[in-house]
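Readers should treat all values here as calculations from the given coordinates under stated rules, not as data from a laboratory. No experiment lies behind these values; they were computed from the predicted model shown. Cβ placement follows ideal geometry from the backbone for every residue including glycine, while neighbour counts extend to all protein chains displayed.
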Amino acid sequence: MKSLHLLLSLLPLTLAATIEKRANPQGIDVSHFQPNVDWAKVKANGISFAFMKATDGTSFKDPSFSSHFTDATNAGLIRGAYHFARPDASSGAAQANFFLSNGGGWSADGITFPGVLDIEFNPNGANCYGLSPAAMVSWVKDFSDTYHAKTTRFPIIYTNTNWWKECTGNSAAFASNPLWIARFTTAATPGELPAGWPTFTFWQFADHGSNPGDADNFNGDLAALKKIATG
């Protein structure tokens, strides 16, 4: 049988890149913007994992989180929660504790990912939420350290390289946190990563696909994906 890489070399670049992505476990991420997900169908489509929004700042609890989390579990997916950061609203510790109290915790059950800190361009104002790079690094550290103290796991950090460069000064201080990189492209890799991460753990490579929500993949095989959940 011809190897996958040989077969890929015979295909158009965009199709080859898509197949290369699918060689890794595939996932999606959703929120209240996708309130009605047929999780059994998602599983049948080959999706192995999912992230769903749980909280935002210290006041918003996603109304679809509980049903998403329960139904994804019942469908047999590995799943996890994410928190949308609002660094201009309250401390990192306050937001980590709000997240932990509303679905963002971790347990060593083999099907729960560590929580995700979603930190990216401000949808409602200045890109960096009015914080200097040094202050932003301190904010992220406050969130991460609080989460780690409560769970023994470092939260996954979801971000993109441009924001990280602008708003943290391209800090290399978070190598202990798994990286979920956002870059929409048909290329075979996400390109330049933020400083401190020699590789990525998850990659959000498209904002749509054949399943609800955004399209993601895991940088490894299924056994390694399960290990992320196990600890």
Report summary line: Violations at 27 Å Cα threshold for listed pairs 53/227; 165/227; 41/227; 61/150; 41/150; 41/165 -> 165/227; 41/150; 41/165
Query raised in the report: Dipole of segment 76-160 (Lys/Arg Cβ +1, Asp/Glu Cβ -1, origin at the Cα centre): which of 147, 112, 129 lies farthest to the positive side?
Result: 112
Query - 82, 129 arranged by Cβ crowding within 10 Å, fewest neighbours leading - result: 129, 82
Requested in this report: Report the label-to-label distance for residue 152 and residue 175 in nanometres (one decimal), using points 7 Å from each Cα along the Cα→Cβ vector.
Outcome: 2.4 nm
Query raised in the report: Using 0.36 nm per residue, how much length does the chain from residue 111 to residue 73 gain when fully extended, once their Cα-Cα distance is taken away?
Result: 12.9 nm
Report summary line: FRET efficiency for residue 185 and residue 101 from the Cβ-Cβ distance with R0 = 45 Å, rounded to 0.05, comes out at 0.80
Query - Rounded to 10°, Cα long-axis angle of helix 133-151 versus longest principal axis of the chain - result: 80 degrees
Query - Rh by Kirkwood over Cα pairs, then Stokes-Einstein D for segment 25-230 at 1.567 mPa s and 4 °C, µm²/s - result: 77 µm²/s
Query raised in the report: In percent, what relative contact order does the chain have, based on Cα pairs under 8 Å that are 6 or more apart in sequence?
Result: 21 percent
**Report entry** Long-range amide H partners of residue 214 with built H, under 5 Å
**Finding:** 29
**Report entry** Binned Cα-Cα distances of segment 162-206, short to long, each 10 Å bin given as a whole percent
**Finding:** 28, 57, 15
Query raised in the report: With each label point set 7 Å from Cα along the Cα-Cβ vector, what nm distance links residue 126 and residue 223?
Result: 4.9 nm
Query raised in the report: Taking Cα pairs under 8 Å and at least six residues apart, what relative contact order does segment 99-231 come out at, in percent?
Result: 24 percent
